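See structure below.
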Amino acid sequence: MLAFLTLTGVLLGMMAVYVLTPKSEEVVLAGENTVVGLADPSADTLASGHHQTTGTDWHLTTVTSLHDAEELLDLLEYQGYTERELVVLGNSSFVVRWR
């Protein structure tokens, strides 16, 4: 009986160590499907069908919460930026870019 209790205690201890040990974080890269275009489609094209470009340089910033990203996108919309994108990096990291 003592051997059974000892074995059970050792197994429970090993299981606790495994569960509580920090795991290595998986690296998640931004891919093609993580970009969410938030530009107004009607502002992207002219009536003649030509693509309208207002600038080529993207400004970007990284935020650590979705709430901050939403607030920044709302602020950019209020300031008149029609081209805005949200890139999800993973692990609560987001990139907001605009031009």
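The values are calculated or read from the model by the stated rules, or taken from the named source; none is laboratory data. As the structure is a prediction and not an experimental result, all values here were calculated from the model. Glycine also receives a Cβ, built like all others from the backbone with ideal geometry; neighbour counts cover every protein chain displayed. Areas reflect the complete protein model, heavy atoms only, side chains present, ligands, DNA and RNA absent. Shrake-Rupley method; radii C 1.70, N 1.55, O 1.52, S 1.80 Å.
Residue count for segment 1-19 under the criterion of being at pLDDT below 85 and loosely packed, with under 10 Cβ neighbours inside 10 Å: the result is 3. Identify the residue in segment 71-98 that is of a type in the set (A, V, I, L, M) and part of a strand (DSSP E or B) and, among all such residues, is least open to solvent (accessible area, probe 1.4 Å). The qualifying residue least open to solvent (accessible area, probe 1.4 Å) is 96.
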